[in-house]
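What follows is one structure encoded as structure tokens, with my remarks underneath.
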Amino acid sequence: MATLVIAEHDNKTLKDATAKVVTAAGQVGGPVHILVAGQGCDAVAQAASKIAGVEKVLVADDALYAKMVAETMETLILSLADKYDAILAPATTNGKNYMPRVAAKLDVPQVSEILSVVSSDTFVRPIYAGNALATVQAPAGKKVITVRTTTFKPAGEGGSAAIEKVSAAADPGLSKFVGEELSKSERPELTSAKIIISGGRGMQSGENFHMLDAIADKLHAAVGASRAAVDAGFVPNDYQVGQTGKVVAPDLYIAVGISGAIQHLAGMKDSKVIAAINKDEEAPIFQVADYGLVADLFKAIPEMNEELTKLGYK
Amino acid sequence: MKVLVPVKRVIDYNVKVRVKPDQTGVDLANVKMSMNPFDEISVEEAVRLKEKGKATEVIAVSIGPQQASETLRTALAMGADRGILVKTDGEVEPLAVAKILKAICDAEQPTLVITGKQAIDDDSNQTGQMLAALLGWPQGTFAHKLELGDGSAQIEREIDGGLQTVEVKLPAVMTVDLRLNEPRYASLPNIMKAKKKPIDEKSPSDYGVDVTPRLKTLKVTEPEKRKAGVKVKTVAELLDKLKNEAGVI
Ligand SMILES: Cc1cc2nc3c(=O)[nH]c(=O)nc-3n(C[C@H](O)[C@H](O)[C@H](O)COP(=O)(O)OP(=O)(O)OC[C@H]3O[C@@H](n4cnc5c(N)ncnc54)[C@H](O)[C@@H]3O)c2cc1C
Ligand SMILES: Cc1cc2nc3c(=O)[nH]c(=O)nc-3n(C[C@H](O)[C@H](O)[C@H](O)COP(=O)(O)OP(=O)(O)OC[C@H]3O[C@@H](n4cnc5c(N)ncnc54)[C@H](O)[C@@H]3O)c2cc1C
């Protein structure tokens with residue numbers, strides 16, 4: 001039987017998390033199908049059909065799915081589940097929202113945030129904030145899996161999957177979308193950026209985060225934060241990197257005024273290169289940093305901005 | 001209306017876990033255990049609903065070993081009215097936890113169940129959603145703000161792109177995120193009072209739930225450790241290393 005991947009998108013663009021889940025799905029086995037659930041999501045379906053290794057794209061285009069509300073996603077996915085051995089979604093806030101409902105209704109355990117596929121029923125997943133890795137085997141029957149996308153390479157392009165419409169499932173009528181407040185930014189998203197510069201409590205204010213913005217603009221980086229910086233209201237919640245925020249693995253992670261608590265490290269320690277700027281030379285962040293600079297950030301960050309300009313970064 | 005708050009006993013968030021050399025799990029012997037930090041936020045929210053006169057009773061439930069009764073006492077000291085301890089010795093998977101909670105909901109008929117968004121030991125982030133599905137109830141996950149109405153609730157949620165508000169019919173399940181509230185510390189008089197509050201002891205079989213794990217843990221290993229790198233002296237040296245040695249800018 002086949003493997004179904006639930007697409008992550010905003011009705012206009014397909015997020016690269018989807019292509020990464022396709023890679024994981026290919027390793028689980030069987031022909032890979034993608035489900036695009038949304039409203040007015042043609043462009044997304046087109047993009048999904050071009051991912052290499054995808055056999056079919058199912059599109060459920062209906063107002064019910066405009067915001068991927070969990071209760072409606074549950075009934076839609078269940079209406080298709082019979083034809084699949086395995087159902088995979090990215091471990092985004094969407095995937096984490098609807099997938100456990102699907103697993104519960106199928107009466108199977110969900111395997112959360114897998115890091116790798118050992119075989120069609122065996123997976124590696126992090127526990128205890130990534131301080132331990134568990135290899136778990138799912139029981140016979142359907143597999144319901146969320147995928148930590150930082151550890152899978154996106155499947156390439158060049159596919160030409162057939163696109164097939166599927167009808168909407170019954171509306172459970174339990175909930176409705178009311179509104180949203182999305183952070184607007186011209187910068188890359190945290191989970192797909194190649195470079196991230198993050199600030200912590202040491203930044204002291206939201207105003208001071210603009211110093212990081214200036215550097216981010218020069219390096220085409222995303223800006224992140226520790227929980228302390230979010231709790232203090234310096235930046236919005238979606239900036240939070242960590243065990244209970246976003247997990248990231250960019251080529252370069254620059255931690256500024258962040259001490260390096262276990263929960264923060266859980267979200268960034270798989271970055272290729274880590275640089276840290278902290279005035280306390282004992283800060284735990286230096287134990288994982290490839291390059292550490294013991295300095296006052298209020299001197300170091302403006303200086304970094306100037307040096308980058310000198311080096312020709314605009 | 002009744003509010004049900006499941007609370008889990010987990011390793012304290014300050015403890016750095018050690019993987020056992022035989023790869024069967026992590027070493028939990030003599031490790032400090034506490035209430036899952038998200039569950040403190042759930043209890044706080046429930047108790048505030050009671051203080052505002054919206055909830056009539058707050059029931060805390062824990063599924064775990066005898067010592068989980070300490071976790072329940074903490075919830076009672078924060079202001080929950082009574083506890084239910086469902087005693088189990090081994091690890092219980094989220095689906096089994098959800099099935100037990102469903103049976104308790106069938107008996108207690110709460111209007112709102114408030115769970116943590118994830119437990120910091122197993123980091124599954126499943127239980128609340130599974131419970132909602134089994135009950136056929138709506139859910140508001142990763143809650144940032146709750147506004148309780150008549151027969152429905154508006155829940156503002158922390159999502160990848162920012163914040164989203166959904167309206168759910170009641171009864172419903174809500175899973176809490178970090179910024180919903182700041183949990184109180186229990187005062188000494190309340191800790192004393194909590195000792196007299198009732199805790200009902202049950203077993204999974206009382207609810208007809210088989211808690212035998214279905215996921216098999218084949219091994220638990222330590223992730224590759226990062227090594228500390230070098231200290232640089234100046235910003236210029238840092239940029240030079242990032243550009244010419246690491247090649248990342
Ligand atoms: C359930 C739970 C979940 C959590 N989840 C997360 C999570 O997902 N992500 C997360 O980040 N945290 C999380 N935490 C919080 C975590 O435990 C830490 O409290 C938090 O990461 C600390 O943030 P910080 O490093 O910015 O602040 P601090 O630990 O206060 O560190 C500030 C650092 O800034 C340095 N500094 C100060 N001023 C300057 C200056 N002028 N120049 C240079 N350096 C300076 C200091 O030396 C210090 O090292 C969680 C905690 C709990 C209990
Ligand atoms: C080292 C290790 C080995 C493991 N081995 C196995 C194994 O061999 N087999 C196996 O099946 N599982 C195993 N597990 C899985 C694990 O025991 C359960 O899956 C896990 O405890 C439940 O998931 P969670 O708490 O992360 O749920 P989450 O969904 O993250 O929890 C969210 C919320 O649900 C509520 N909740 C969850 N559990 C309880 C509870 N017990 N009482 C009250 N409320 C609760 C709380 O409100 C909590 O905030 C292992 C885990 C570890 C860490």
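The values are calculated or read from the model by the stated rules, or taken from the named source; none is laboratory data. These figures come from a predicted structure and were not determined experimentally. Quick reminder, even Gly has a Cβ in these numbers, built from the backbone with ideal geometry, and neighbours come from all protein chains shown.
Here are some notes:
- Residues located in region B:126-150, provided they are of a type in the set (S, T, N, Q), in contact (Cβ under 8 Å) with a residue 40 or more places away in the chain and within 7 Å of chain A (Cβ to nearest Cβ): B:129
- Inspection of region B:107-115 identifies no residue that is surrounded by 24 or more Cβ atoms within 10 Å (Cβ to Cβ), assigned to a loop (DSSP other than H, G, I, E, B) and within 16 Å of ligand 1 (Cβ to nearest atom).
- Among the residues of region A:70-79, those identified as touching a strand residue (DSSP E or B) at 6+ places or on another chain (Cβ under 8 Å) and over 10 Å from residue A:37 (Cβ atoms) are A:70, A:71.
- All of (1) of a type in the set (Asp, Glu); (2) touching a helix residue (DSSP H, G or I) at 6+ places or on another chain (Cβ under 7 Å); (3) near ligand 2 (Cβ under 8 Å from one of its atoms) hold for residue B:160 with one exception: (3).
- Among the residues of region B:1-45, those that are closer than 18 Å to residue B:110 by Cα, more than 12 Å from the chain's Cα centre (by Cα) and of a type in the set (A, V, I, L, M, F, W, C) comprise B:1, B:3, B:4.
- Considering residues of region A:277-290 that are within 9 Å of another protein chain (Cβ to nearest Cβ) and surrounded by 15 or more Cβ atoms within 10 Å (Cβ to Cβ) only, the residue farthest from ligand 1 (Cβ to nearest atom): A:290
- Per this entry, residue A:201 is counted among residues that are among the basic types (Lys, Arg) and either under 28 Å from residue A:85 (Cβ atoms) or in contact with a Gly (Cβ under 9 Å, 6 or more places away or on another chain) (or both).
- Candidates in region B:7-25 are the residues that are more than 16 Å from ligand 1 (Cβ to nearest atom) and more than 11 Å from chain A (Cβ to nearest Cβ); of these, the one that is nearest to residue B:223 (Cα to Cα) is B:21.
- The residue of region A:132-152 that is surrounded by the fewest Cβ atoms within 10 Å (Cβ to Cβ), among those that are basic (Lys, Arg) and not in a strand (DSSP E or B), is A:142.
- Selection count where residues are within 16 Å of ligand 2 (Cβ to nearest atom), touching a Lys or Arg at 6+ places or on another chain (Cβ under 8 Å) and among the aliphatic types (A, V, I, L, M), scope region A:262-311: 1
Here's the yes/no breakdown for (1) near ligand 1 (Cβ under 9 Å from one of its atoms); (2) touching a residue at least 24 places away in the same chain (Cβ under 8 Å); (3) within 9 Å of another protein chain (Cβ to nearest Cβ):
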site: A:219; (1), (2), (3): no, yes, yes
site: A:253; (1), (2), (3): no, yes, no
site: A:258; (1), (2), (3): yes, yes, no
site: A:275; (1), (2), (3): no, no, yes
site: A:292; (1), (2), (3): no, no, yes
site: A:304; (1), (2), (3): no, yes, yes
site: A:312; (1), (2), (3): no, no, no
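- Breaking point among (1) within 13 Å of chain A (Cβ to nearest Cβ); (2) buried (at least 19 other Cβ atoms within 10 Å of the Cβ); (3) without any contact (Cβ under 8 Å) to a residue 60 or more places away in the chain; (4) more than 16 Å from ligand 1 (Cβ to nearest atom), for residue B:28: (2)
- Filtering region B:182-226 to residues that are of a type in the set (Lys, Arg) and within 14 Å of chain A (Cβ to nearest Cβ) leaves B:214, B:216, B:219, B:225, B:226.
- Taken over region A:127-156, the criterion of being on the phi < 0 side of the Ramachandran plot, facing another protein chain (nearest Cβ under 9 Å) and touching a residue at least 60 places away in the same chain (Cβ under 8 Å) is satisfied by A:131 alone.
- Note on region A:1-81: enclosed strands (runs of 3 or more DSSP E) holding 1 or more residues that are more than 22 Å from the chain's Cα centre (by Cα) and not β-branched (Val, Ile, Thr) are A:2-6, A:54-61.
- Residues of region B:72-103 that are buried (at least 24 other Cβ atoms within 10 Å of the Cβ) and among the aliphatic types (A, V, I, L, M): B:72, B:75, B:76, B:78, B:80, B:86, B:95, B:97, B:98, B:100, B:101.
- Residues considered: A:103, A:155, A:169, A:129. Of these, the only one that is crowded, with 17+ Cβ neighbours inside 10 Å, in contact with a Pro (Cβ under 7 Å, 6 or more places away or on another chain) and outside any strand (DSSP E or B) is A:103.
- For region A:91-98, the criterion of being on the phi > 0 side of the Ramachandran plot, modelled with pLDDT of 95 or more and surrounded by 23 or more Cβ atoms within 10 Å (Cβ to Cβ) is satisfied by no residue at all.
- Unique residue being closer than 22 Å to residue B:197 by Cβ and within 10 Å of ligand 2 (Cβ to nearest atom) when the list is B:58, B:7, B:26, B:19: B:7
- Count of region A:80-133 residues which are out of contact with any Lys or Arg (no Cβ under 8 Å at 6 or more places or on another chain), acidic (Asp, Glu) and within 16 Å of ligand 1 (Cβ to nearest atom): 0
- Members of region B:91-112 that are near ligand 2 (Cβ under 9 Å from one of its atoms) and under 14 Å from residue B:62 (Cα atoms): B:91, B:92, B:93, B:94, B:96, B:97, B:98, B:100, B:101
- Residue within region B:111-133 that is closer than 21 Å to residue B:74 by Cβ and of a type in the set (Asp, Glu) present: yes
- Yes/no for residue B:153 being more than 7 Å from chain A (Cβ to nearest Cβ), crowded, with 16+ Cβ neighbours inside 10 Å, out of contact with any strand residue (DSSP E or B) (no Cβ under 9 Å at 6 or more places or on another chain) and touching a residue at least 12 places away in the same chain (Cβ under 8 Å): no
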